[in-house]
Structure formats: structure tokens, C-alpha cells
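Below is one structure, written out as C-alpha cells; the observations come after it.
The values are calculated or read from the model by the stated rules, or taken from the named source; none is laboratory data. For clarity, every value in this text was computed on a predicted model and none was experimentally measured. Note: ideal-geometry Cβ built from the backbone for every residue, glycine included; neighbour counts use all protein chains shown. SASA here: full protein model, heavy atoms, side chains in, ligands and nucleic acids out. Shrake-Rupley method; radii C 1.70, N 1.55, O 1.52, S 1.80 Å.
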Amino acid sequence: MTTTIIWTIAILTLLGVVLAVVLYLVAAKFRVEEDSRIDDVEKVLPGANCGGCGNAGCRAFAKSCVETMDLDRNFCPVGGNGTMKKVAAVLGIEVREKAPMVAVVRCNGSCENRPKVNDYGGYASCRVKAALYSGDTGCPFGCLGCGDCVAACQFGAIRMNPDTGLPEVDQDKCTACGACVRACPKNIIELRNKCPRGMRVFVSCVNKDKGAVARKACKVACIGCGKCAKVCPHGAITVEDNVAYIDFTKCKLCKKCVAECPTGAIHAVNFPVLKNKEE
Amino acid sequence: MNRLLVSPAPHLHVRTSTASLMRDVVIALLPTVIVSILFYGWREIMILAVSVVSCVLLEYLITRFLLKRESTVSDWSAVVTGVLLALNLPATSPWWMVLVGAIVAIGVAKMTFGGLGQNLFNPALVGRVFLLISFPVAMTNWGPVQGFVGNADAVTGATPLGLAKEGGVAAVSSLDYLDMLYMNIGGSAGELSAIAIIIGFIYLLARKVIRPHITLSIWITVFVFSGIMWLADPSVYTDPVFNLLTGGILLGSVFMATDYVTSPMSTAGGIVFGIGIGLITMLIRYFGSYPEGVSFAILIMNSTVPLINKAFRNKKYGR
Amino acid sequence: MKKTFSIGGVHPNDSKISAGCRIEMLPVPQTVYISMAQHLGAPATPVVSVGDRVKTGQVIGEPAGFISAFVHSSVTGTVKSIGPRPDLAGNKVTHVEIAVEEDEWAEGIDTSETVVREIPRDNAFILDRIKSNGVVGLGGATFPTHVKLSPPPGKKAEILIINGAECEPYLTSDYRIMIEKPEQIVIGAGIMKQVLGGPRTVIGIEDNKPEAIASMQAAVEKLSVLSPSYSGIEVMVLKKKYPQGGEKQLIDAVARRQVKSMGLPIDVGAVVQNVATSMAVYDAVMKNRPLITNTLTVTGDCLPAERQKNLLFRIGVPFSFIIEQTGGMPENAVKVISGGPMMGKAISNLDATTVKGSSSVLYLTAAQTVRRPESNCIRCAKCVEACPMGLEPYLLNKLARNGMMEELEQNAIQDCIECGCCLYSCPANIPLLDVIRVAKGDVMRAIRARSAKK
């Protein structure tokens, strides 16, 4: 009895030692040399692995930072400037601050503004729908409403509004990682700068059709009339391919264009409500 | 004018659905169910009722209140599990044992993996094997039970496989193959009648619910393997026809090994799967401590399905 | 044993309701819109201007690249506009709008119905006629025919397969031309046979069309007595199975050869042409008649028997005009398809015009075509059994939804022929092909980008 126990313990111990040696040798043989700073950088990253920086994940981003030693081309949109400062400290280099951004949906083709002309009956994915045809409304440029952007968002910052059939961005949750921008097959979503209190002015339409055609498809389409460009005192608005675009780096939020737009395609959001509404 | 419907091709679709396939399996099980009710009477009706109702109810409760999803009971898969579980139990089983089996089958084997389509093991078999291990005496209590036809004694006593395990070939030499075709001398409800199961098999094939490759490869493996052993020593090993007609081989090979979710995708994979089940079953029967091994064989092979799916694939065009 | 392809396939009900309807002539509307993108490859460049008078059969678009084709006016009239117009999927394509006047054919076109049987000896002349008359494959892909009939150097055609399978349910236009114009098809086959250097020539027809088989056999017999050009052309009866008419499947069925992944039929010495293409080749070579008409089927279970039609139409006629001329859309139709129900396109815009490859106006009811909600995959392997390329659609679907590009390529998603068998046969209504088609596009782009880098 005692001998059995002793033998058992002895064999198991021996086995343990042998295996430990094997494991050590294997680990030593297949050891991959990696810059230890990659680990250090990874530690200060948010760890969301969202891919918003354009890399496959946080580790890939850390690797990219270490390899290029260039923080102008590597930016973590989730962690923002705070994180980038920490990364810079780890690597011992300088970093410039970037303005905070937010995703903006540039289509206002709600069911009311843009009536349906046919019914889509395939898989509810914008990519599948876009590959098939121009969409179930008269506008071949607008939102397809299947929510690929919602599915792409890792932060729960986009949801479909059931009344309008359009996605809405929660600007507090949005990290401007750009996943939705890449997911949208119609390129409707754009990252724009996050002004104080979230105020911004933008053209909520990307329809490149001629004015009459665009207007027929959607009540609130940009018809490319150019009135906004004329009235803009800062030269921030350009009209190309029958659609206006407001350069957010030049826009000073004066809202002159908003009043000028004949179709109401230019939106001004998050401005304080004036007590005496001007008529 | 109405708005046109637009969707990607193809624009037509087969009429079958998950529910219709599962319903066909239930229909194919009906002959076996009827035979078992005829022979085991009210007790069998009770077992079937408890098993089916508890399986369906459990699936409903778990999907609605635990997983907070839409209920999936309308796809009939819980009914199939319920019927199969009932057919795998002795007619003497008390109601609470059936309930425990249903809880293990649906709650553990099916829903913890994510419901229909996600489970690795056949739920009814997991339920049965759990009961077999937990309550070995109750699970091998074969009667007497009074049915609607015949007297209770005719269907009482040990199963043929049990007899063979205990007393060797001599103990079963008096059994008639015709009896086995119509009804066994003992065993769980689903083991009673080979004819009833084969009718179900033909129905499933005719309705194109299953393909025959898995079932046939099990039969052939059992027949060939037991044939070789029997030829080698007929005084020790039971003969191949006996091995095909007794025990759970038929029920298992037609209804449980062919379970979509837990069987391989490719034809070659299915054949390998079937051979594995046949071999393991016969090894347990001849050399194991249990008289019957179909349930274990299927569960063991279930666990190899992901590997089989990787290793055995259909030939691709032009490759 | 009748031959068929060796892997997968499905058996949808063939529903050839309009099989008994003779081909009728569709009237010409007041305006036609002729698309410049009627073929695979680069759209043609318009060579007419607004206000020009064009004759029937006159060139109005020239090929813009190697894989491109001539486009001809199908009517006589005045060019009213040239510009973008939505096609049947709503995508903007350049169209030439022509106000129709009295029919007057361009010079040099033989408009008589007399059958010409003597094949010209000069192959360069034949190829030029096929090219200049804008002949493209009418079996679905609309690939320019002259390109397909000029095998790249070092490759030789060993078998020419004329595709009379018409495996898509409902469609009967190929069937009708095989019955009504069998000689022209066989002559077209003879022409292509000569151009390709006289390979074995097989006309493959499915066994659900006995009348077409008899008609084609009779034509082959009659012509092979008249001229050695037609001797040796076989009519092969194939066992009905979808997608028999798929190029790769037909080569497998007829010649027992399989085209390698990413390869072309010519790699295994095969050239496949549709029966309608064969007739277009006859028209182009023997009559110098450009491809400006085609046959289409107007059908559907919800369409009364007397309104089922096989129509000879001028290319460029709007779908709405065809629908109006055949008594309007049936009440309970919810979907209109151009092409077969398995691979055809649902029309989102009825004002779109017909193109060279248009083969049907098919009405489907809600009960036939509305998809049921998707449920869990039960791993029944019906998609694996159905896939004629031997792929595993359930797996591709899973990989595609997780964006696993490398694994998709390893599992041969690029071999998918988009026949729809997987989605058709899935009992859980999983949109397999919808997902796979888009992922296949991504993988193909990645493969092309990689080979461009090399």
C-alpha cells in the first residue's frame, strides 16, 4: 500500500519535471522577439479592438505606433487626445492635439420626405441591397435603411429611428472611430468636427442627380442651386455634381446658408433655442 | 398600382421548412409510437405525454424567460426530442424520471448550446444516457406492463441483448427472428417492432427528409462486423441478424444518428460517422459491460462531427 | 442512362406554361430607348447625335474596349436624346432615345425569310460579321460572342456545346425557337463549328422538351444530307436538373470535363453557346442582320392561359410597353422578373427597357416569392447537397457574416456561380446566396488586387 503511494508520487513528480522541461524548451525555441514597447503602448489603449484607427485591433495599432514612431498618422479615435498623450509619453515623442469628431448622417430621406417606390424583400443588409439595385426609393444616393452602420458600431452609438427609417447618432457615445463610415455602401456618413456643445451645420443630402430629379425623389434633397455657396461669408460651401458640401474646417456656424436653402437640406443642430423666434 | 417587390435571385423557394421537416419526422415515428402504445398501454401513453409536454413546455419557458427570445416551439423539434426520449425509456419508468430526462435533454443538451442547430449532442440521447447512468435499475426494469394487446407476460423480462450478455448465445438461441421483426420480447418502447421503424425510414426517404447513407452504413457495419465475429466463434458471439434486429440499432440508426444537427454535412462524412457508430455499438455489445451501446456510440460519434466536417468534404467542382 | 452534371443540383417544378404558344411579333411603340450597356464589359460609346435620323439596323454605339460590343438601332426614327436613364435595377445607364417612324432597314441587310445554308469559307469574314452585328451570348451573361469564338493562342476548341437546356423554370423562348427555327440554329452551330476549326459539336437539350429534341434532330438530319458542314452535329438528351444550363455544369454533363477554379471553358477545350446565340450568329453571318430582336416569354402562374406569350421583340422596347400590350400586370402579381426565377433580376422600374439578353417578363405572386423569416441553421446539409460547385454554403454564410476573407477564399467562395440552389433549398430560409454573393465580390476583388500587384 505505502509503496504504491510512493511510486505514484514519484512517477507523477518525474512526469511533471520532464514536461516542465519540455515546455520550457519549446517556449524558448518558438519565442518571438517583439519590441517590449508594443506591450507598453497596448496597455494605455482603450482595448476596444474596434478597428477605428484603421488597424486590425489595439495591438496592431500599438505595433504601428512603435514601428513608425509617428503619431500624426496613427490616431486612436476612441481614446482621443488623452490616450494619444499617454502613447506619446510611453514612446517619448511629441503629439499634436486633434479636434474631436463625430459621425454625421447626411440623409434626411425619411418615409415622409422620400416615399417608397418599391418594396425590398431580400436580406436586410445595406451592402446586399446596394449590390442588387438603386434602392426602394426614387433616390439612388440616399440611406437604404437596413442598418449596416448600426451593426458596425461597437459602442451602441447608432440606432435606427423607427419613425424616419434613418439612423441616428448619439453624439455622447460616438467615438468617431469611423466603422459606420466604412460600413455604409452609399457613403452617407461622414466624420465632422465636434464643435462646442455639438453645434454643427451640414448638408443632409448626397444626391448627385440634377435638381428636378433629386427633388422629385425626395422633398428635402439638395438640388445644387448654389444659393448657399453665394451667401456663405466664409467660402466654406462648394457645389459639385449638383450637391453642396460644407467644409467644416472653414464653417463658422453663422447659419446664413440654413435660412437660404430652398429645400431645407442644410441642417443646423444643437444650437441654443432663441427666446424670441425671428420670423 | 401596387409597389413592386424587389429582392435578389433566386425568386422561388422550396416548400419545405424546418417545421415541415420536423413534422415529417414525427409522422415517421407514428408507427413505432402506435406499436409501443398497443403493447405497453396506458403507461406508455403517460410516458409519451409527460415527455412531449415537458420538452415543449421547457423549450418555451427557456426561450421566452431565460433567453428572452422568440419562442421556437413551433418548429416541432422539441416534439421530436420528446417522442424520441419517450421511446428510449422502459415502460415502467415513473413520471418524474421522464421529467428529469426531458430537463436534461432540452435544458442541458439543447438550450445551453444555443437551441436548435447549435447543440453538439442529440438531446434525446443525452437525456436517456443521463437517466441510464443515474438510475441504472429503473432504466433496466422491463416490466411487467399490461398493454392493449396480448398478455403482460409476453412482453416481460429482460431484453434479448440483456439475456445474451448474462447467459451467452445459448440464452437467446430460442428466439425467433420473426418475433423480433414484429415485436421484441422486451426492451424500451422504441425497440419493440423493427417493421414499424422501417416503415418510418421509408417514409423519411420518400419525403426526402433524410438520405439513407448514414443509416445504411451503420447497418452494414453492424452486419459485417458481427458477421465476422460470429463466423469466427458462433458459440460466443451472437449472429448478425440478431444484432441488427435487437436493441436500439434500428431506432438509433433511422431517427437519431440521422439527426441533422448532430450528423456530418458531407456524404463521405456521413458514411464515416455511420461506420463509427456501428463499430462502437458492436464493441460495447460484445466486450463492454453494458448489454447495449447504440446510445453511447451515437453520442461518442456526435462529438467527432466537427472534426469529420473538416476532414471529409464533398468533392468540389474542378478541384 | 441520360447524362447530367455530376455534383449537386435541384429540381424545381419546371412550370413551362407558355411552351405551347407560338412566337408572335410584338408591335413597336412610339419611342424606344436603346441601352449602351447590353453586354458584359465596357458600355458602348454612342456614335449618333440628337436629331440624327437612324435606320433599322444602323450602328448607334461602338465598342469601347476589347470586351464590348456594337449596338444597333432596332427601329427607324429620329434620335431624341442621349443620356442617362435608369435600367431595371434603377442604375443610370446611357440610353439613346429614338422616336419611331416607318420601318426602313439599313442597306446590306437581308430581311427575307429564305434560309441560307451555304457557309462562307472565310473565317475572318465570319468573325467580322459576328462582331460588327453586335452578337453577344444570349444565355444570360451577354459575353461578346466573337471573343468567345477566338480562343487565345495555344488553346484549341475540342468541343462546341450548343446550350438548349433552358433549365430555368417558366422560360420557353429557347424552346420555341428550337421548334420554330431549328434550321437556323443548326446553321449557326455549323458556322461556329467551322470558325473553331471543326470540333465535336453537341446540342444539349433537357429531356422535358421532347418536341424540341425531335425538331432539332430532324433539322440536323436534313442539313447534314445537304452539306458536309453539318455532318457530325449531335443532339444530346440530358436529364432534367437545374442548373444544367450553367456553362460549367453543361460541360461536365456533355463532355465529362470540369473547368478548373478561376479557369475558362476553353482551358478544357470547350466552347458553350446558347441556341438563341446560335440563331443570332446565323442572322449575323448569313443575313448580315444585327442583333436587334430577340425572343422573350411573358408568363407566370397568375397569368391566364390566353395571355401567356412568346414574343419576338425589338430590343429597346420598355418593359411597361410589353406589359401593356399583353393585357397588363395580373392583379395578384407582386414581382416582375426579367429572366428566370432562379437567376433572373427583379425589375424595380418597369420603364426600363429590354436589352439583348432579356428573356422574359415573369410574374410571381406573393405566395410564390415572398421570403419567410430566417430561422436557425439546422445543419441539414441540403445546401451542401444542392450546390452544383460542391461548395458548403452554410459554412460560407457563417464565414462571410464574420468577415473572414482568407477562410472564404480557402473554401472556394470564388467558385460560386450564383445559381441560387442553396437559398432555394434552405428550409430555414437563410439568405445564403444574398450573403455569399456580396462576400464573393469582396474576395474576387482581393484576388484581382493581388494578381495585379504581381
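Quick rundown of the values:
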{"quantity": "Filter pass, C:Met343 being in a loop (DSSP other than H, G, I, E, B), open to solvent by less than 30 Å² (accessible area, probe 1.4 Å) and within 8 Å of chain B (Cβ to nearest Cβ)", "calculated": "no"}
{"quantity": "Elements of type strands (runs of 3 or more DSSP E) contained in the stretch A:214-274, each with 1 or more residues being open to solvent by 60 Å² or more (accessible area, probe 1.4 Å), of a type in the set (Ser, Thr, Tyr) and without any contact (Cβ under 8 Å) to a residue 12 or more places away in the chain", "calculated": "A:237-240"}
{"quantity": "Whichever residue in the stretch B:71-105 is in a helix (DSSP H, G or I) and of a type in the set (Gly, Ala, Ser) and, among such residues, is most open to solvent (accessible area, probe 1.4 Å)", "calculated": "B:Ser74"}
{"quantity": "Set C:Val186, C:Val202, C:Val195: member being open to solvent by 20 Å² or more (accessible area, probe 1.4 Å) and assigned by TED's automatic domain parsing to the domain that holds C:Phe143", "calculated": "C:Val195"}
{"quantity": "Meets criteria (facing chain C (nearest Cβ under 7 Å) and either crowded, with 22+ Cβ neighbours inside 10 Å or not β-branched (Val, Ile, Thr) (or both)) for B:Leu5", "calculated": "yes"}
{"quantity": "Test set (1) within 8 Å of chain B (Cβ to nearest Cβ); (2) surrounded by 16 or more Cβ atoms within 10 Å (Cβ to Cβ); (3) in contact with a strand residue (DSSP E or B) (Cβ under 6 Å, 6 or more places away or on another chain) - C:Ala366 fails condition number", "calculated": "(2)"}
{"quantity": "Count of the stretch A:152-171 residues which are surrounded by 19 or more Cβ atoms within 10 Å (Cβ to Cβ) and of a type outside the set (Val, Ile, Thr)", "calculated": "6"}
{"quantity": "Counted residues, the stretch A:25-43 - those being open to solvent by less than 40 Å² (accessible area, probe 1.4 Å) and touching a residue at least 40 places away in the same chain (Cβ under 8 Å)", "calculated": "1"}
{"quantity": "Selection count, the stretch C:373-387, where residues are more than 7 Å from every other protein chain (Cβ to nearest Cβ) and either open to solvent by less than 10 Å² (accessible area, probe 1.4 Å) or more than 28 Å from the chain's Cα centre (by Cα) (or both)", "calculated": "3"}
{"quantity": "Those residues of the stretch B:9-35 which are more than 7 Å from every other protein chain (Cβ to nearest Cβ) and in contact with a Gly (Cβ under 7 Å, 6 or more places away or on another chain), in sequence order", "calculated": "B:Ala28, B:Leu29, B:Pro31, B:Thr32"}
{"quantity": "A:Val117 assigned by TED's automatic domain parsing to the domain that holds A:Pro46, at pLDDT 85 or above, buried (at least 17 other Cβ atoms within 10 Å of the Cβ) and over 22 Å from A:Cys195 (Cβ atoms)", "calculated": "no"}
{"quantity": "Which numbered condition B:Lys68 fails, given (1) under 20 Å from the mean Cα position of the chain (by Cα); (2) charged (D, E, K, R); (3) open to solvent by 10 Å² or more (accessible area, probe 1.4 Å); (4) more than 30 Å from C:Ala333 (Cα to Cα)", "calculated": "(1)"}
{"quantity": "Yes/no for C:Gly357 being at pLDDT below 95 and surrounded by fewer than 21 Cβ atoms within 10 Å (Cβ to Cβ)", "calculated": "no"}
{"quantity": "Qualifying residue in the stretch A:67-78 (condition: within 30 Å of A:Val269 (Cβ to Cβ) and either part of a strand (DSSP E or B) or in contact (Cβ under 8 Å) with a residue 60 or more places away in the chain (or both))", "calculated": "yes"}
{"quantity": "Residue check, A:Cys149 at pLDDT below 90 and open to solvent by less than 40 Å² (accessible area, probe 1.4 Å)", "calculated": "no"}
{"quantity": "Residue within the stretch C:163-183 that is acidic (Asp, Glu) and without any contact (Cβ under 8 Å) to a residue 40 or more places away in the chain present", "calculated": "no"}
{"quantity": "Number of positions in the stretch B:106-120 that are open to solvent by 60 Å² or more (accessible area, probe 1.4 Å), under 19 Å from the mean Cα position of the chain (by Cα) and either of a type in the set (Phe, Trp, Tyr) or within 12 Å of C:Ile378 (Cβ to Cβ) (or both)", "calculated": "1"}
{"quantity": "Which numbered condition B:Val25 fails, given (1) open to solvent by 10 Å² or more (accessible area, probe 1.4 Å); (2) at pLDDT 95 or above; (3) farther than 30 Å from C:Met342 by Cα", "calculated": "(3)"}
{"quantity": "Filter result (without any contact (Cβ under 8 Å) to a residue 40 or more places away in the chain, more than 18 Å from the chain's Cα centre (by Cα) and either within 24 Å of B:Val261 (Cβ to Cβ) or not in a loop (DSSP other than H, G, I, E, B) (or both)) within the stretch B:273-294", "calculated": "B:Leu283, B:Phe287"}
{"quantity": "Unmet criterion (only one of (1) within 8 Å of another protein chain (Cβ to nearest Cβ); (2) under 24 Å from C:Pro169 (Cα atoms); (3) open to solvent by 10 Å² or more (accessible area, probe 1.4 Å)) for C:Cys422", "calculated": "(1)"}
{"quantity": "Within the stretch B:278-292, considering residues that are of a type in the set (Gly, Ala, Ser) and over 15 Å from B:Val236 (Cβ atoms), the one surrounded by the most Cβ atoms within 10 Å (Cβ to Cβ)", "calculated": "B:Gly278"}
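A quick yes/no check of all residues on (1) within 30 Å of C:Thr56 (Cβ to Cβ); (2) touching a strand residue (DSSP E or B) at 6+ places or on another chain (Cβ under 6 Å):
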| residue | (1), (2) |
| --- | --- |
| C:Val220 | no, yes |
| C:Lys248 | no, no |
| C:Asp267 | no, no |
| C:Val275 | yes, yes |
| C:Leu296 | yes, yes |
| C:Lys309 | yes, yes |
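Let's see how each residue does on (1) more than 18 Å from C:Asp14 (Cα to Cα); (2) open to solvent by 10 Å² or more (accessible area, probe 1.4 Å); (3) acidic (Asp, Glu):
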| residue | (1), (2), (3) |
| --- | --- |
| C:Arg289 | yes, yes, no |
| C:Thr293 | yes, yes, no |
| C:Thr297 | no, no, no |
| C:Arg307 | yes, yes, no |
| C:Leu311 | yes, no, no |
| C:Ile315 | yes, no, no |
| C:Phe321 | yes, yes, no |
| C:Glu324 | yes, yes, yes |
| C:Ile337 | no, no, no |
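Yes or no, residue by residue, for (1) closer than 30 Å to A:Cys177 by Cα; (2) part of a loop (DSSP other than H, G, I, E, B); (3) in contact with a His (Cβ under 7 Å, 6 or more places away or on another chain):
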{"position": "A:Val26", "(1), (2), (3)": "no, no, no"}
{"position": "A:Arg37", "(1), (2), (3)": "yes, no, no"}
{"position": "A:Cys50", "(1), (2), (3)": "yes, yes, no"}
{"position": "A:Ala56", "(1), (2), (3)": "yes, yes, no"}
